[in-house]
Amino acid sequence: MFLYILLACFGIVQCYPNGLVSESCGSLMPVHGSNAQTSVPPFTVTVDKTTFKEGDEITVSLNAPSENFEGFMLQANLVGLINPIGTFTVTDSTARGLTCNNVANRAVSHTTKSGKTSVQAKWTAPISGLGNIEFRATFVKRKETFWVGVKSSAVVYNGTGTTATVAPTVPSNPDCGKTKVCFSQPSNCDPTTSTDCHFMAVQTSSDQSERTIEMFGQADGYVAIGFSDDQNMGNDDIYTCGKNSSGFLQVQHAYSTGTVTPNILSLGNVTNIKTALTNGNINCSFTSRNAISTGSRATSTSQYYLMIVSGPSNKDNILFHTTKYVSSTKADLLNPSMVTANSEEFPAIVKAHGALMLIAWMTTGSMGMMIARYLKGVAKGQCLGGKDFWFLAHVSLMILSVIATAIAFILVFSYAQDWAGGAHPVLGCIVMVLSLIQPIVAAFRCEPQHERRFIFNWAHSFTALAIKVLAVAAIFTGLELFEEYKTDGWMLKVMGGFITWEALIYILQDLNFRARKKDSEICSFGSMKPEIVLLMVFLLGNLAFLIALLVGIGTT
């Protein structure tokens, strides 16, 4: 059994001795669990022509002058791009054709891992969309030793057709509203003059069978555009343009299921892909004949909310976006127009919900719990209206917390009327239910001298702890939703700082509590008890964190 557990701890490494590696099309990166070599490769890629035109055949040779290679992958690209073009004819028994982007024989790979000194294949040029090309190959010497992107010399296009552009032209506004649907942030920004512009444009054929899509934006890793039936993440048709493991841009088709990494789909019927990366600006354009799919919802429509997001990437994987813009209304892809971004991503009622929850469980609830735990003994005997002052303060603060929680709960559910938001609404509901249970149980508690009073004390304390933990979790998940619309992401860090601050005060209070049992104090403040001083210090720090988060929510 131990052996099985140990084996389960190791990552799975995909190896393909039969050369069926279509998922590496474009990137040419083997899935071997190790990094490519950076030294000069001991292998070469040569061609038998220096110029070509439409329909020409070029013989490509992979050579190993001094040592054998076990595996390889070969494809042709326009210079500066990574999407394979043309088709190969294989005559060598050690090679096979591969399907890339749903086109057969777009690339060539090995059939076995036996040692090879040379391999040949014939490449046939397509009849359109051409420019200067180069052949790129990956050579695998051993599973953990391989070189990616070994290039041939460039082959110059000298045909008579229209030359393909290596990089797309920067999209601009003149065609927006005339032949294209455009969406940008800031509104009506021009990517030709503004590097802060996030821009997308869609030009749709009259029968909706074909769309020319452009996207532009500044990002560390990727820019993505989406078509959605609503303004929330989930059930969205997405195209991303981002850096792969080799640092080149690649276009991917994806489907979003929510605020998680989208599912990458086959690129499908996408052609005329053009990409450029200039000074951190990602610029991609392509033509898609794929149908727009929004899951179980209707797809026989031309009206969608438009989305633009951008963020970092790690090798071939996109990470959580740092910017997100959603159109304020649905765009009709058959009706050229200028679409504006949502001016207020979170309505005032949602912001009020967040503010009330922060006040309830960062300030009034925290103060009420701390008073009950540490000031009971200090303020004992100090009464108001026949009740201990600490007890009145505790009850008053906790009632305020329950009222604030209930109002926040009613506000957000009257607005949303659904469970959108992942774990956040579930956590909020649990907090609401437990918050109502606490005072009800407390109202029927037995007398302090009763022999079973300890059951209530333990249950009351445990429920309070559970509410606190779940409320903090709900705040974190709620702030994550707000952070989707901010670029700096500082609110979660502030909340983390508050948790650290609260834990520090609790530790100091607990140390003093233990010291008092030994008729001592951790420090002296004259006539003021350390518990009171620590409570006041906690309140001041608490208010600083609270105000910072309230400002963050108000400006989202």
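Tabulated data
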| read-out | value |
| --- | --- |
| Potential extension, Asp220-Lys518 segment - 0.36 nm per residue separation minus Cα distance | 101.5 nm |
| Among 38-47, 324-333, the order from most to least packed when residues are scored by Cβ within 10 Å on average | 324-333, 38-47 |
| Relative intensity, log₁₀ I(q)/I(0), of the chain from a Debye sum that treats every alpha carbon as a point, q = 0.06 Å⁻¹ | -0.47 |
| Of Lys324/Lys351; Lys376/Lys518; Lys53/Lys180; Lys468/Lys493; Lys178/Lys274, those spanning more than 27 Å from alpha-carbon to alpha-carbon | Lys53/Lys180 |
| Semi-axis lengths (Å, descending) of the ellipsoid that matches the C-alpha gyration tensor of segment 495-556 | 30, 12, 5 |
| From the C-alpha gyration tensor of segment 173-339, square roots of 5λ in Å | 21, 19, 15 |
| Relative contact order for the chain, counting Cα pairs under 8 Å that sit 6 or more residues apart, in percent | 10 percent |
| Zone of Ser293's modelled label, taken as backbone nitrogen in segment 213-241 under 18 Å from a point 7 Å along Cα→Cβ | 225-230, 234-240 |
| D_trans [Stokes-Einstein, Kirkwood Rh over alpha-carbon pairs] for segment 348-554, 20 °C, 1.002 mPa s, µm² s⁻¹ | 117 µm²/s |
| 3J(HN,Hα) from dihedral phi, segment 81-98, Karplus parametrisation 6.51/-1.76/1.60, rounded to Hz, x for glycine, proline | 10, 10, 7, x, 10, x, 9, 10, 10, 9, 10, 8, 5, 8, 10, 9, x, 10 |
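Computed from the coordinates by the stated procedures, all read-outs in this text should not be read as laboratory data. Fair warning: this is a prediction, and the values are worked out from it, not measured in the lab. Counting neighbours? That spans all protein chains shown, and the Cβs are built from the backbone with ideal geometry, glycine included.
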